[in-house]
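Okay, so here's the structure we're looking at.
The values are calculated or read from the model by the stated rules, or taken from the named source; none is laboratory data. No experiment lies behind these values; they were computed from the predicted model shown. Here the Cβ positions follow ideal geometry from the backbone for every residue, glycine too, while neighbour counts run over all protein chains shown.
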Amino acid sequence: MASGRIVHWLEIGAMVIALGVLGGLHYAKLSPEQVRYIALEAGLEQLYLLEQAHFETHGRYFDPTDPSEGLEWPWMDEYDWEVRIGLETFWFVVRADLDGDGRVGAWALDQQGPQMRNLMDD
């Protein structure tokens with residue numbers, strides 16, 4: 001009788017573990033929209049760090065959309081850019097339809113920090 005209970009509880013434990021693993025795999029997936037958002041966020045953070053390094057070296061910010069500056073990243077072609085470069089400031093607004101619903105979202109980045117700000121929901 002005792003061995004029957006142990007087997008019963010082992011079966012229940014195995015089912016709980018299997019369902020937990022399957023649920024974890026199912027809910028750990030990122031949607032294509034989330035992947036594009038993370039890629040945009042990472043790209044803008046890289047761009048911020050490059051701008052800061054360029055400013056420290058040359059005393060000015062550069063326009064990342066200008067091919068003469070030497071920055072040609074394929075991921076930048078996927079977005080609509082508005083770039084404003086000042087003497088000691090920069091401001092980037094990036095527009096895109098990340099989820100393909102026809103509504104365009106907008107995000108901004110400036111010299112104050114690498115965190116992009118959501119201006120308009122996608």
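A single entry from Glu45, Glu56, Glu41, Glu51 fulfils the requirement of being surrounded by fewer than 11 Cβ atoms within 10 Å (Cβ to Cβ), in a helix (DSSP H, G or I) and at pLDDT 90 or above: Glu56.
Out of Val16, Val35, which single residue is part of a helix (DSSP H, G or I), more than 22 Å from Gln112 (Cα to Cα), under 23 Å from the mean Cα position of the chain (by Cα) and among the aliphatic types (A, V, I, L, M)? Walk me through it before giving the result.
Numbers: Val16 fails: under 23 Å from the mean Cα position of the chain (by Cα).
Val35 is the lone residue from the list that is part of a helix (DSSP H, G or I), more than 22 Å from Gln112 (Cα to Cα), under 23 Å from the mean Cα position of the chain (by Cα) and among the aliphatic types (A, V, I, L, M).
Whether a residue is touching a strand residue (DSSP E or B) at 6+ places or on another chain (Cβ under 8 Å), over 22 Å from Glu33 (Cβ atoms) and at pLDDT 85 or above was assessed, and Trp81 does not pass this test.
Suppose the filter is in contact with a Phe, Trp or Tyr (Cβ under 8 Å, 6 or more places away or on another chain) and at pLDDT below 90; does Pro74 pass it? Show your work before the answer.
Working: in contact with a Phe, Trp or Tyr (Cβ under 8 Å, 6 or more places away or on another chain): no; at pLDDT below 90: yes.
Judged against the criteria, Pro74 is not a match.
The single residue among Val16, Val7, Val35 that is under 20 Å from Tyr79 (Cα atoms) and free of Cβ contacts under 8 Å to residues at least 12 places away in the same chain turns out to be Val35. Is it the case, given these coordinates, that Ile17 is at pLDDT 85 or above, in the same structural domain as Gly105 (by TED's automatic domain parsing) and among the β-branched types (Val, Ile, Thr)? For Ile17, the condition - at pLDDT 85 or above, in the same structural domain as Gly105 (by TED's automatic domain parsing) and among the β-branched types (Val, Ile, Thr) - is not met. Only one of the numbered conditions (1) without any contact (Cβ under 8 Å) to a residue 40 or more places away in the chain; (2) touching a strand residue (DSSP E or B) at 6+ places or on another chain (Cβ under 8 Å) is violated by Glu41, and that is (1).
What are the pairs with Cβ atoms under 9 angstrom where one residue, in region 66-83, is assigned by TED's automatic domain parsing to the domain that holds Ala96 and surrounded by 11 or more Cβ atoms within 10 Å (Cβ to Cβ) and the other, located anywhere, is of a type outside the set (A, V, I, L, M, F, W, C) and in a strand (DSSP E or B)? Sequence gap at least six, or different chains. Matching pairs, first to second residue: Tyr79/Arg95; Asp80/Arg95; Trp81/Arg95; Glu82/Arg95. For region 63-87, the set of residues classified as outside any strand (DSSP E or B) and under 23 Å from Asn118 (Cα atoms) consists of Asp63, Pro64, Thr65, Trp73, Pro74, Trp75, Met76, Asp77, Glu78, Tyr79, Gly86, listed by residue number.
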